[in-house]
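The values are calculated or read from the model by the stated rules, or taken from the named source; none is laboratory data. Small disclaimer: the values here were computed from a predicted structure and weren't measured. Please note: Cβ atoms are built from the backbone with ideal geometry, for glycine as well, and neighbour counts cover all protein chains shown.
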Amino acid sequence: MTKTKLTARLIYHVVFIIFICFFCIEFSVIAQDAQSFYEKGYQYFSQGDYEKAGENYQKAIDLDQNFEDAYYWLGKVYRQIGQYDKAIPQWIEVLRINPRNPYAFRYLNESFRSTARVQNGSADDYFNKGLEMLEVADEVFINKNQYNNQILLQVIPYFKKAIELKEDMIAAHYWLAAVYHALSEKISWQYTSMAISSFEKAIQIEEENNPNTFQRPPEYWYSYQELVLIFQSLGLNERKENLLLKMQEIKEKPYEEVLIEAGYNDFGYPDKIEIIKQNKEDVIELWKYVEKEKTFRVVNKEIVGEEVTYDQHLQEESMIEDVIEKENVDDKDAL
């Protein structure tokens, strides 16, 4: 290697080291300045000078976008002066940096306790207002990317108020759980346990009030579906499998009982249900079990007989033809 190349390489390394040292020093100065502003903010907060405290916390944040404590205390500043609309984004930022922060999580939820926009309403009024805020029409699942965090947080008190007024309102429990689930993915995993509890409550209410029914509200089945997805995402495979077994048992039970009463055992939920007549007086259905090659005619959930399938019909025709042919042969022999 020539002397010129050695010199060039040496200069390159020296410049690189100087750059790294400068960067580290500069970062240290910025961090130190951010910490200084944070400490000044805390001093002013302790003295009750919330305006200056807020200014210093904001300066700390401007220098360090991931300064968790500065966001947290800036949120407390806005809370002290009653500006919750400005406090909420600060606690959301805290949870962005540290989803485990329990204090920011608590303050965030406490910010949405009131439901001032519905006065003296019924459970349905509060529930419908919540759906209106979410702009829900025919959808049954929340697309978390469709909403900002503020809307999701604002809608919680409406569903909670509906539940307070009508505790067995399954739809309100379901939508509250769906909102919590969306927030668990957008803000903090701490909402996950709240989502699970609300989904489970929707299921519990339906099963306690209607232990053996054929028709259940869609939110009941959606609660099962959402819980399965949550348990799967958390790696809780045993809970997921137990939930699926329970759902299958609940689904099969009313059909099993009707068939057992008619003398047919070991039949669960039909592979296919075909409604062939439905009016005010009667509902006539065909319950089809493919593997067992059985089809039952059911009138108003009562078995009235078995249907002959097309294959069975062909088989019976073939047997009749065989009998006729045998009789003809026997007649010829007799002659």
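Every residue, every condition in (1) assigned by TED's automatic domain parsing to the domain that holds residue 294; (2) modelled with pLDDT of 95 or more; (3) at positive phi, yes or no:
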| site | (1), (2), (3) |
| --- | --- |
| 215 | no, no, no |
| 218 | no, no, no |
| 224 | no, yes, no |
| 232 | no, yes, no |
| 239 | no, yes, no |
| 244 | no, yes, no |
| 253 | no, no, no |
| 278 | yes, no, no |
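Here's the yes/no breakdown for (1) of a type outside the set (S, T, N, Q); (2) touching a residue at least 24 places away in the same chain (Cβ under 8 Å); (3) over 22 Å from residue 156 (Cβ atoms):
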residue: 185; (1), (2), (3): yes, yes, no
residue: 196; (1), (2), (3): yes, yes, no
residue: 201; (1), (2), (3): yes, yes, no
residue: 210; (1), (2), (3): no, no, yes
residue: 216; (1), (2), (3): yes, no, yes
residue: 227; (1), (2), (3): yes, yes, no
residue: 235; (1), (2), (3): yes, no, yes
residue: 241; (1), (2), (3): yes, no, yes
residue: 251; (1), (2), (3): yes, no, yes
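You will find that of 163, 151, 142, the residue that is over 12 Å from residue 198 (Cα atoms) and assigned to a helix (DSSP H, G or I) is 151 and no other. Specify the residue that is modelled with the lowest pLDDT; the eligible residues are those in segment 140-167 that are of a type in the set (Lys, Arg) and over 21 Å from residue 227 (Cα atoms). The qualifying residue modelled with the lowest pLDDT is 161.
Taking the options 116, 137, name whichever one is assigned by TED's automatic domain parsing to the domain that holds residue 179, over 19 Å from residue 181 (Cα atoms) and at pLDDT below 90. After applying the criteria, what remains is 137. Candidates 90, 80: the one that is without any contact (Cβ under 8 Å) to a residue 40 or more places away in the chain, closer than 29 Å to residue 186 by Cβ, touching a Leu at 6+ places or on another chain (Cβ under 7 Å) and among the polar types (S, T, N, Q) is 90. Taking the stated definitions as given, is residue 174 within 29 Å of residue 96 (Cα to Cα), buried (at least 19 other Cβ atoms within 10 Å of the Cβ) and of a type in the set (Phe, Trp, Tyr)? Criteria met by residue 174.
Condition check ((1) assigned to a helix (DSSP H, G or I); (2) surrounded by 12 or more Cβ atoms within 10 Å (Cβ to Cβ); (3) out of contact with any strand residue (DSSP E or B) (no Cβ under 6 Å at 6 or more places or on another chain)) across all residues:
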site: 201; (1), (2), (3): yes, yes, yes
site: 207; (1), (2), (3): yes, yes, yes
site: 211; (1), (2), (3): no, no, yes
site: 221; (1), (2), (3): yes, yes, yes
site: 224; (1), (2), (3): yes, yes, yes
site: 228; (1), (2), (3): yes, yes, yes
site: 241; (1), (2), (3): yes, yes, yes
site: 245; (1), (2), (3): yes, no, yes
site: 251; (1), (2), (3): yes, yes, yes
